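Working notes, beginning with the structure itself.
The values are calculated or read from the model by the stated rules, or taken from the named source; none is laboratory data. These numbers come from a predicted model, not from an experiment. Backbone-built Cβ (ideal geometry, glycine too); neighbour counts: all protein chains shown.
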Ligand code: NI
């Protein structure tokens, strides 16, 4: 009896883990959007942009928003994503001023508003860099379910491992789905314009 049931248990466990993996993927991709996903991502926050202006969840109301979480010392993923976001904003033309494009720091220790201002001067002027006190940053990371972890480097410095999704929020401030930057800027801009 044992011999017969053990493979079944293994198969059941395997199928179960596949199902859980699929559910998590669907949830992340917004596939279960009608059920719980829109309410599950986002929430109250209070941060400061690179000009010293306060930005909160209320700033999301009335215009579509792209949010990307990263840090100015990031060697590759962040600058690439910010470049791609800049290309989309450029392709938006005059409508670029009708969307929010936020780069939220996962590294508030180093990313002061001044550091953000300096860093963002290389990208589209519509991009706003948000940072704040560590507690305030931790709150927004939790609300958006962002993973961010400090990784020590050999020289005593550190880097950050972090979620690299682009969040698309609608005019009501509700999460829609991850926004795909890996396409022509014109196509991404046309997609974003549908939410104006
Ligand atoms: Ni990065």
Qualifying positions in the stretch 69-111 - near the ligand (Cβ under 9 Å from one of its atoms) and under 18 Å from residue 191 (Cβ atoms): 81
So residue 77, is it on the phi < 0 side of the Ramachandran plot and surrounded by fewer than 16 Cβ atoms within 10 Å (Cβ to Cβ): yes
Filtered residues of the stretch 153-173 (kept if surrounded by fewer than 14 Cβ atoms within 10 Å (Cβ to Cβ) and more than 16 Å from the ligand (Cβ to nearest atom)): 154, 155, 156, 172
Residue in the stretch 39-57 that is outside any loop (DSSP other than H, G, I, E, B), at pLDDT below 95, away from the ligand (no atom under 16 Å from the Cβ) and surrounded by fewer than 22 Cβ atoms within 10 Å (Cβ to Cβ) present: yes
The lone exception for residue 65 - which of (1) crowded, with 22+ Cβ neighbours inside 10 Å; (2) within 16 Å of the ligand (Cβ to nearest atom); (3) over 13 Å from residue 181 (Cβ atoms) it fails: (2)
